[in-house]
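Asks: Please read through the structure below; I'll follow up with questions.
The values are calculated or read from the model by the stated rules, or taken from the named source; none is laboratory data. Small disclaimer: the values here were computed from a predicted structure and weren't measured. Note that we place each Cβ from the backbone using ideal geometry, even for glycine, and neighbour counts take in every protein chain shown. In case anyone asks, the SASA skips ligands and DNA or RNA and just uses the protein heavy atoms, side chains included. Shrake-Rupley method; radii C 1.70, N 1.55, O 1.52, S 1.80 Å.
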Amino acid sequence: MAGDTLRAMADFDYDLFVIGGGSGGVRAARIAAGHGARVALAEEYRYGGTCVIRGCVPKKLFVYASHFADDFRDAEAYGWRVGATQFDWPTLVAAKDREIDRLSAIYAGLLDRAGVTRFDARARLADPHTVEVGGRRVTARIILVATGGTPWKPSVPGVEYALTSNEMFHLPSLPRTILVVGGGYIAVEFACILSGFGVAVTLMYRRDKVLRGFDDDVRDAVQDHLAARGIELRMNANIERIERLEGGRLRMHLDGGGAFERDAVLCATGRRPNTDDLGLRECGVDLGPHGAIVVDEMSRTSVPSIYAVGDVTDRINLTPVALHEGHAFADSVFGGKPRPVDHECVPSAVFSQPPVATVGLTEAQARDRYPNVHIYRSRFTPLKHTLTGRGDHKTLMKLVVDGDSDRVLGAHMVGDDAPEIIQCIAIAVKMGATKADFDRTIGIHPTSAEEWVTMRTRVA
Ligand code: NDP
């Protein structure tokens with residue numbers, strides 16, 4: 001490191017101050033410390049961020065819990081006599097809380113072992129090199145904002161009665177009936193989770209098909225699966241106001257007339273970056289739509305000493321992306337290995353039941369960019385469900401191929417284990433595999449995944 005830089009660093013309390021102890025912030029702090037930087041991190045709530053505390057991890061535990069409803073039913077088809085079953089919500093919440101406590105402590109421990117100074121308090125920028133935290137002013141050469149996002153609700157009258165995903169992890173009891181508003185990741189995942197627990201679920205979406213942005217065949221398949229699970233779908237509908245009735249039940253009044261009642265309503269209508277009252281604008285940090293911090297490909301903001309990673313930048317709001325952004329930032333700024341984050345071809349999953357997973361371009365995106373697109377598609381009943389009689393439990397697999405280069409541009413799946421399978425397919429797609437590469441790969445029999453290497457006939 002150049003002598004000038006070292007001298008400049010010595011003028012500050014720390015080389016790096018990270019605001020936010022979630023996936024991106026913790027990763028950045030640990031890697032920067034590993035590169036020899038003096039690092040501090042402030043977290044006002046619990047370590048681990050949305051993913052660990054009230055997102056991916058507890059959600060996935062709920063998905064497992066909810067799935068037993070299907071498993072018990074399927075077991076009977078395989079000769080098991082399961083008997084009467086009963087689900088106890090408080091037992092699940094307590095078990096989930098124990099695991100989240102454990103994980104959160106691990107995150108704090110990782111920071112401690114990396115030599116990062118922890119401030120268990122809210123931090124706010126005072127100037128481009130100074131943070132106010134826990135009644136103190138602390139200076140740093142570089143400040144990284146990794147404060148994540150928070151659920152957002154539309155401002156209709158009575159929306160204060162609506163739950164968000166945050167509260168879903170600590171409901172004192174399950175409602176008998178619920179309205180889920182929205183058609184994105186969280187709406188679809190919670191609709192499936194709750195229906196597995198026996199809650200009567202209505203899903204309301206303002207357009208005609210859930211999961212906007214996903215491949216159309218995937219969207220159709222998911223919508224069919226939601227209906228087959230007994231979830232009531234109200235498409236092209238929106239709430240005008242929510243009325244709280246005596247006894248606590250809620251009456252939903254719809255845009256354009258009509259009303260109905262449910263015990264609870266969950267707004268899964270998107271998330272917004274946590275940038276309020278952080279002193280960002282006062283320091284000259286540019287904010288974009290919905291308050292997202294504007295950054296370049298190196299996660300630099302408009303102020304040279306301030307960087308930002310993760311959901312607060314509203315690029316691709318997924319934990320593994322935040323981890324990559326945090327890691328690349330630390331390597332670039334403190335490791336002497338500058339590298340931008342590659343946001344191309346990021347795989348993702350929706351943990352619906354069955355789940356969705358996808359990597360690369362949808363058919364529509366591919367047709368926009370390539371003149372000659374080939375489509376391979378397979379729909380089949382997985383072997384397991386030949387006995388369960390759940391013929392409606394069809395798996396969908398779809399390959400989007402550039403007909404000119406033979407390169408696989410996208411792979412989409414709706415079916416059991418889709419996220420586990422697509423994670424591996426994503427490596428091939430990222431490497432630039434061709435359809436011929438898929439074809440010369442030998443399958444593993446009998447699996448669903450072997451279908452990826454046996455799709456011979458073009459459907460479009
Ligand atoms: P999404 O952006 O995925 O979905 C928001 C939904 O709310 C959309 O269907 C949107 O409709 C609808 N909506 C937005 N505004 C309104 C409004 N005013 N009235 C009615 N409906 C509205 O957000 P989520 O909250 O589901 O999730 C946030 C993000 O978190 C995701 O985008 C994803 O990045 C991440 N996430 C990832 C998960 C995973 O990896 N499995 C799981 C959960 C979250 P429209 O389509 O018309 O805009």
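Asks: Spot the failing condition for Val333; the list is (1) open to solvent by less than 50 Å² (accessible area, probe 1.4 Å); (2) under 26 Å from His445 (Cα atoms), and only one is missed.
Replies: Unmet for Val333, out of (1) open to solvent by less than 50 Å² (accessible area, probe 1.4 Å); (2) under 26 Å from His445 (Cα atoms): (2).
Asks: Can I ask one more? Which one of Gly279, Gly288, Gly326, Gly310 is open to solvent by less than 40 Å² (accessible area, probe 1.4 Å), at pLDDT 95 or above and in contact with an Asp or Glu (Cβ under 7 Å, 6 or more places away or on another chain)? So that I can check it myself, show each step before the final result.
Replies: Values: Gly279 fails: in contact with an Asp or Glu (Cβ under 7 Å, 6 or more places away or on another chain); Gly288 fails: in contact with an Asp or Glu (Cβ under 7 Å, 6 or more places away or on another chain); Gly326 fails: in contact with an Asp or Glu (Cβ under 7 Å, 6 or more places away or on another chain).
Exactly one of Gly279, Gly288, Gly326, Gly310 is open to solvent by less than 40 Å² (accessible area, probe 1.4 Å), at pLDDT 95 or above and in contact with an Asp or Glu (Cβ under 7 Å, 6 or more places away or on another chain), namely Gly310.
Asks: Take the residues of the range 259-274 that are part of a loop (DSSP other than H, G, I, E, B) and within 16 Å of the ligand (Cβ to nearest atom): which is surrounded by the fewest Cβ atoms within 10 Å (Cβ to Cβ)?
Replies: Looking at the filtered set, the residue picked out is Gly270.
Asks: Hey, among Arg244, Arg229, Arg212, which residue is touching a residue at least 12 places away in the same chain (Cβ under 8 Å), basic (Lys, Arg), surrounded by fewer than 17 Cβ atoms within 10 Å (Cβ to Cβ) and within 30 Å of Gln365 (Cβ to Cβ)? Walk me through how you get there before you give the answer.
Replies: On the way: Arg244 fails: within 30 Å of Gln365 (Cβ to Cβ); Arg229 fails: surrounded by fewer than 17 Cβ atoms within 10 Å (Cβ to Cβ).
Step by step, each of Arg244, Arg229, Arg212 is checked, and only Arg212 is touching a residue at least 12 places away in the same chain (Cβ under 8 Å), basic (Lys, Arg), surrounded by fewer than 17 Cβ atoms within 10 Å (Cβ to Cβ) and within 30 Å of Gln365 (Cβ to Cβ).
Asks: Can Asp392 be described as under 22 Å from Val350 (Cα atoms) and modelled with pLDDT under 95?
Replies: yes
Asks: Take the residues of the range 156-186 that are near the ligand (Cβ under 9 Å from one of its atoms) and in a loop (DSSP other than H, G, I, E, B): which is nearest to the chain's Cα centre (by Cα)? Don't jump to the end; show me each part of the working.
Replies: Within the range 156-186, the first condition is being near the ligand (Cβ under 9 Å from one of its atoms), and the residues that meet it are 156, 164-165, 181-186.
Narrowing the set further to residues that are in a loop (DSSP other than H, G, I, E, B) leaves 156, 164, 182-184.
On the way: Val156: 26, Thr164: 15, Gly182: 15, Gly183: 14, Gly184: 10 Å.
Only one residue fits best here, namely Gly184.
Asks: While we're looking at this one, here's another question. Pull out all pairs, ordered by first then second residue, where Cβ-Cβ is under 6 Å, the residues are six or more apart or on different chains, the first lies in the range 288-315 and is within 16 Å of the ligand (Cβ to nearest atom), and the second is hydroxyl-bearing (Ser, Thr, Tyr) and part of a strand (DSSP E or B).
Replies: Matching pairs, first to second residue: none at all.
Asks: Which of the residues that make up the range 187-209 are open to solvent by 20 Å² or more (accessible area, probe 1.4 Å), more than 9 Å from the ligand (Cβ to nearest atom) and part of a loop (DSSP other than H, G, I, E, B)?
Replies: Residues satisfying the conditions are Phe197, Gly198, Asp208, Lys209.
Asks: Please enumerate the residues belonging to the range 230-250 that are assigned to a strand (DSSP E or B) and under 30 Å from the mean Cα position of the chain (by Cα). I'd like the intermediate steps shown before the answer.
Replies: Residues of the range 230-250 assigned to a strand (DSSP E or B): 232-234, 239-244, 250.
Residues satisfying the conditions are Glu232, Leu233, Arg234, Ile239, Glu240, Arg241, Ile242, Leu250.
Asks: Filter the range 211-258 for residues that are within 26 Å of Gly198 (Cβ to Cβ), among the small types (Gly, Ala, Ser) and within 13 Å of the ligand (Cβ to nearest atom) and give the result.
Replies: Across the range 211-258, the qualifying residue is only Ala237.
Asks: Which one of these is more than 16 Å from the ligand (Cβ to nearest atom) and in a strand (DSSP E or B): Leu103, Leu125?
Replies: Details: Leu103 fails: in a strand (DSSP E or B).
Result: Leu125 is the single residue among Leu103, Leu125 that is more than 16 Å from the ligand (Cβ to nearest atom) and in a strand (DSSP E or B).
Asks: Also: Can you confirm whether the range 155-174 contains a residue that is touching a Ser or Thr at 6+ places or on another chain (Cβ under 7 Å) and touching a residue at least 60 places away in the same chain (Cβ under 8 Å)?
Replies: no
Asks: Mind telling me which of the residues Gly134, Gly79 ends up being modelled with pLDDT under 95 and among the small types (Gly, Ala, Ser)?
Replies: Numbers: Gly79 fails: modelled with pLDDT under 95.
Every option except Gly134 fails the conditions.
Yes/no matrix, rows are residues, columns are (1) at pLDDT 95 or above; (2) open to solvent by less than 30 Å² (accessible area, probe 1.4 Å); (3) not charged (D, E, K, R):
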position	(1), (2), (3)
Arg141	yes, no, no
Gly148	yes, yes, yes
Val159	yes, yes, yes
Leu171	yes, yes, yes
Leu174	yes, no, yes
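Asks: Now for a separate question. Which pairs have Cβ atoms under 6 Å, sit 6 or more apart or on different chains, and link a residue in the range 344-369 that is more than 16 Å from Val429 (Cα to Cα) to one that is in a loop (DSSP other than H, G, I, E, B) and away from the ligand (no atom under 14 Å from the Cβ)?
Replies: Final answer for the pair search is Pro354/Gly415; Pro354/Asp416.
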